[in-house]
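Each remark here refers to the structure printed beneath this line.
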Amino acid sequence: MSPTASTAAQPRLSRFDRTVFLFLAGVLLLTLVIIWRGDRVGIGVSHISPAGDSRDASTQTDVRLTFAQEIANRDALQFQFTPPVSGTVRWEGRTAIFTPDRPLMADTGYQVTVPAGLVSRQGRELLAPVSWQFHTRQPRLLYIAWDAQDNSQVYLVDPAGGDARQLTQSPHGVVDYAASPDSRWLIYSALREDGGSDLYQLPLADQGQATLLLACPEAACTGPVWSPDGRRLVYERRSMPQAGAPPGPPRLWWLDANSGQTVPIFEDSQWLGLGARFSPDGQWISYISPLSQEIHAYNLQNGQTVLIPSQTGETASWNPAGDRLVVTEIQFQGEQFAVHLFSVDLATGELTDLSNEIAVNDGSPVYSPDGQWILFGRKVSRAPMGKQLWLMRPDGSEATQLTTDPEIHYGLPQWSPDGRQIVVQRYPITEPGADPAIWIIDVATLAQTEIAAPGIQPAWLP
């Protein structure tokens, strides 16, 4: 048999088969390259805040960095700032959150760098430093004024100039409000037709629409106060068994700003309280106990309560360290009385009278941002005059009068975040029917500037 006849027929690949073979080989090669390169891609970053090159960051903002994968060596993370900023870091899932110890400087550029070296749980590394810049804005002011329908609304204004902007559109008016620590959200109490009130949430950054955060049927919900970390709020809830009836006594409730879930603060849900204020570290809440006529400082971690005598019904003021607060208390002098400021040491419960004058009515104390001064209002007892603004050291020394117009009552003073200015509600007591107005006082020069008239309940928006 010839060689040609004895050789078996060889299979031949069609053009289609060759195309499929080449395609599969290419996919296999690409897969091998991806696997080989995977460990060299590094950890991705999906979000930074404040955004890079932003020019309108709050001076009280947190700095956030979200990674594409969870980080294994979290303790190795460092936030490096220029100019330098001290603070603490916490994690929420894949997001690292840096909280400054003090507000950032206004109108200042910051550069943030996170060095390389972090490793994800999948074994990928942060191959290069993450760096970006942002700029803080000048603080603005929030206050309540009246719209064309004579309903109270929240307004926003730049103290440097420009027209005020109406933020809320409540058909029956606004009772009070609170801006979140990072200035992103406004929670306000909106009146209903039946006399009760609900809590609404409004985004401040993008001028979005207000949404109902908490409906309070048969109740009035007011006095929202944010926790320092911005995760939750405390508010006052007063029952209204009948529409139009006066609200009942106040009770304090928690509110989750994300979910709207709400529960009483205390195990005894009938425990009364109002005027809640957080310590700067968020470990304590002070509040007014209307039944015992005291200020209670309640430790949220261990349940400890410090009882502080105070019959004035005025809220307490915390120092920046969170270990002392200032309260007001009535001092009887025969048939007359005065109101003095007292400093309270939480560790010992010791009270120190800070009012160096005997026959004075002092009130509205508030610590400066650096804790070096206490700003307060003072008037001479039984004198027909408005309260004037004063400064003193935390130990009561160096008491200095800032305003000297007895025909003007200065109320609700608040320091600017940098401590250079004071916003105050100013009211002329000798003008019948006069409206209160919002004024700013320069601490260094004592120059006064009217910001809004009429206006009440001013607050800084850093």
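Just so it is clear, none of the values below were taken in a lab; they were calculated from the coordinates. Values in this document were obtained by computation on a predicted structure and should not be read as measured data. FYI the Cβ positions are ideal-geometry reconstructions off the backbone, even for glycines, and counts take in every protein chain you see.
Quick one: of the DSSP bridges fully inside the chain, what percent are antiparallel, nearest 5?
95 percent
Given Thr445, Phe337, Thr430, which one lies farthest toward the positive end of the charge dipole of the chain, if we put +1 on the Cβ of every Lys and Arg and -1 on the Cβ of every Asp and Glu?
Thr445
Given labels modelled 7 Å from the Cα in the Cβ direction, how far is it in nm from Gln166 to Asp147?
0.5 nm
If we count other beta carbons within 10 Å of each Cβ, what is the order of Ser197, Ser397, Ser239, fewest first?
Ser397, Ser239, Ser197
Taking the 0 to 90 degree range and rounding to the nearest ten, how far is the long axis of helix 15-41 tilted relative to the main principal axis of the chain, both from C-alpha atoms?
40 degrees
For a test of the definition: using alpha carbon positions, the gyration tensor, and the 1.5 limit on a/c, classify the stretch 45-136 as rounded, prolate or oblate.
prolate
Projected onto the charge dipole of the stretch 45-136 (+1 at Lys/Arg Cβ, -1 at Asp/Glu Cβ, origin at the Cα centre), which of Thr108, Val45, Thr59 gives the Cα projection farthest towards the positive end?
With unit charges placed on the Cβ atoms, the residue in question is Val45.
What distance in nm separates the simple spin-label points at Asp353 and Ser381, each placed 7 Å from Cα in the Cβ direction?
1.0 nm
Can you put Arg64, Arg382, Arg74 in order, fewest other beta carbons within 10 Å first?
Going from sparsest to densest Cβ surroundings: Arg382, Arg74, Arg64.
Which is farthest toward the positive dipole end of the stretch 41-170 among Val85, Phe134, Gly123, measuring Cα position about the Cα centre, with Cβ charges +1 (Lys, Arg) and -1 (Asp, Glu)?
Selected residue: Gly123.
Tell me the net charge near Tyr235. Cut-off is 15 Å between Cβ atoms, Tyr235 excluded, with +1 for each Lys or Arg and -1 for each Asp or Glu.
Residues near Tyr235 contribute +2 overall.
Pop out the ³J(HN,Hα) list for the stretch 348-362 in order, Karplus 6.51 cos²θ - 1.76 cosθ + 1.60 with θ = phi - 60°, rounded to Hz; leave Gly and Pro as x.
10, x, 6, 10, 10, 6, 9, 7, 6, 8, 7, 8, 9, 10, 9
Provide the net charge surrounding Pro365, with neighbours chosen by a C-beta distance below 11 Å and charges set as Lys +1, Arg +1, Asp -1, Glu -1.
-1
What number comes out for the charge environment of Leu351, summing +1 per Lys or Arg and -1 per Asp or Glu over other residues with Cβ under 10 Å away?
-4
Is the stretch 265-357 best put as rounded, prolate or oblate by its Cα gyration tensor, with a ≥ b ≥ c the root eigenvalues, rounded for a/c under 1.5, and otherwise prolate when a/b is larger than b/c, oblate when not?
Oblate is the answer for the stretch 265-357, as a/c is 1.5 or above yet b/c matches or exceeds a/b.
Could you check the spin-label model distance between Ser239 and Asp281? Points 7 Å from the Cα along Cα→Cβ, value in nm.
Each label point is offset 7 Å from its Cα along the Cβ direction, giving 3.7 nm.
Roughly speaking, what is the centre-to-centre gap between the stretch 61-140 and the stretch 231-300 when only Cα atoms are used, to the nearest Å?
34 Å
Using 0.36 nm per residue of separation minus the Cα-Cα distance, give me the extension gain between Ala72 and Ala215 in nm, one decimal.
47.3 nm
Using the Cα gyration tensor of the stretch 304-368, with a ≥ b ≥ c the square roots of its eigenvalues, what is the shape: rounded (a/c below 1.5), prolate (a/b larger than b/c) or oblate (neither)?
Prolate, since a/c reaches 1.5 and a/b exceeds b/c.
How would you rank 128-141, 427-440, highest first, on the average number of other Cβ atoms within 10 Å across their residues?
So the order, starting with the most tightly packed, is 128-141, 427-440.
Just to verify a number: FRET efficiency for Leu300 and Ala444, C-beta to C-beta distance, R0 = 51 Å, to 0.05?
Given R0 = 51 Å and the Cβ-Cβ separation, E is 0.85.
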